[in-house]
Amino acid sequence: MSKPRVVLTRRWPAEVEAELAARFEVVLNLTDTPLDAAQLQRALLTADALCPTVTDRVDASVLAVTAPRARLIANYGVGFNHIDLNATKALGMAVTNTPGVLTDATADLALTLLLMTARRAGEGEREIRAGRWDGWRPTQLLGTEVTGKTLGLVGFGRIAQAVAQRAHFGFGMKILFQTPRPPPGELVASLNATACASVEQLLAESDFVSLHCPGGAATRHLINAERLALMKPSAFLINTARGEVVDEAALAVALAERRIAGAGLDVYAAEPEVPAALRDLENVVLLPHLGSATTATRIAMGRRVLANLEAFFAGETPPDRVI
């Protein structure tokens, strides 16, 4: 019996590619450049499963194919707002993702951004690399204390909870959160955390705001000019969720006019494009979507995809089925 044919849209860690190749007929993207719409459609027509990443827009236009061979879209990543679920459902395709395995890595990066923005680390490194540093002085790049400050979390799923634990137990931060789904009471009690009735309340009361909500139409520009205006002038915004959650033009204005103190961003609305209005600012730290970028995490993500593929082609329910 022939093995199911699986298309990977980008290169994965070599260990996982080898494990996949032992079980499936794997088609690799040897150039490791994003596939265009026509290439994605070709994969849907010629393979049994497509394994996209966040860089691949598997939208309604890509899914407008007649009699696709693919029966599964096994996403390499936890977020799936780049996949049109209604269109996949209409075609009878299953969709899976990779939750859980990237929690710690992403939480670590959120704290990295929080600390970098508070202590102006990006500015300091740029000063040294440009040869502008003329030595220590008492007023050099004065930053903001983190210990004991208030951290507001928009969304309170796995990653946000991991950030809260690091911030509370590591830095003695007071934790606020806003979420439509009540978290476990024992977790809230252990963190001495406080639920906010609205995003607006959380923004007004927080010294640092970290975003951990899903992308999609419901959260597009959740953080807009009106909500940015509610933040303290001394507050910082951290985004490791999805780029479209923030109105980037409004954020650039708020940063340029010092309506908020700073921001740390790992995700952007039109990746890999980053607005020049943000790139030109000193009080923002910009990272190239590194949330899950540790070797162990990227291998674990690939193995999670592998588990979903094996279950699906064995006629079982994949452990991480979205639809």
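The values are calculated or read from the model by the stated rules, or taken from the named source; none is laboratory data. Please read all numbers here as calculations on a predicted model, not as lab measurements. Note: ideal-geometry Cβ built from the backbone for every residue, glycine included; neighbour counts use all protein chains shown.
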Might you check whether a residue that is more than 23 Å from residue 243 (Cα to Cα), small (Gly, Ala, Ser) and free of Cβ contacts under 8 Å to residues at least 12 places away in the same chain occurs anywhere in the range 274-281?
no
When the range 182-206 is checked residue by residue, the ones that are touching a Gly at 6+ places or on another chain (Cβ under 8 Å) and either without any contact (Cβ under 8 Å) to a residue 40 or more places away in the chain or under 23 Å from residue 244 (Cα atoms) (or both) are 196, 202, 203, 206
Point to revise | Flag for residue 188 being surrounded by 23 or more Cβ atoms within 10 Å (Cβ to Cβ), at pLDDT 95 or above and of a type in the set (Val, Ile, Thr) | key: no
Pairs returned, first residue in the range 36-58 that is in contact (Cβ under 8 Å) with a residue 40 or more places away in the chain, second residue that is surrounded by 19 or more Cβ atoms within 10 Å (Cβ to Cβ) and of a type in the set (S, T, N, Q), beta-carbon separation under 7 angstrom, 6 or more apart or interchain, are 51/9; 52/9; 52/75; 53/9; 56/9
Picked from the range 169-222 (must be assigned to a loop (DSSP other than H, G, I, E, B) and among the aliphatic types (A, V, I, L, M)), the residue nearest to residue 107 (Cα to Cα) is 173
The condition from (1) touching a strand residue (DSSP E or B) at 6+ places or on another chain (Cβ under 9 Å); (2) assigned to a helix (DSSP H, G or I) that residue 237 misses is numbered (2)
The residue that is modelled with the lowest pLDDT, considering only those in the range 47-71 that are among the hydroxyl-bearing types (Ser, Thr, Tyr) and surrounded by 14 or more Cβ atoms within 10 Å (Cβ to Cβ), is 55
Picked from the range 27-53 (must be of a type in the set (A, V, I, L, M) and in a loop (DSSP other than H, G, I, E, B)), the residue nearest to residue 271 (Cα to Cα) is 35
Residues of the range 290-302 being buried (at least 18 other Cβ atoms within 10 Å of the Cβ) and either out of contact with any helix residue (DSSP H, G or I) (no Cβ under 6 Å at 6 or more places or on another chain) or farther than 22 Å from residue 26 by Cβ (or both), in sequence order, are 291, 298, 300, 301
Only one of 88, 96 is surrounded by 15 or more Cβ atoms within 10 Å (Cβ to Cβ), in contact with a Pro (Cβ under 8 Å, 6 or more places away or on another chain) and under 30 Å from residue 61 (Cα atoms), namely 96
When residue 221 is run through (1) surrounded by 15 or more Cβ atoms within 10 Å (Cβ to Cβ); (2) out of contact with any Cys (no Cβ under 9 Å at 6 or more places or on another chain); (3) at negative phi, the failure sits at (3)
Among the residues of the range 286-323, the number that are closer than 30 Å to residue 120 by Cα and part of a loop (DSSP other than H, G, I, E, B) is 8
The helices (runs of 4 or more DSSP H) lying wholly within the range 54-151 that contain at least 1 residues that are in the same structural domain as residue 268 (by TED's automatic domain parsing) and either closer than 17 Å to residue 292 by Cβ or touching a Phe, Trp or Tyr at 6+ places or on another chain (Cβ under 7 Å) (or both) are 103-118, 121-129
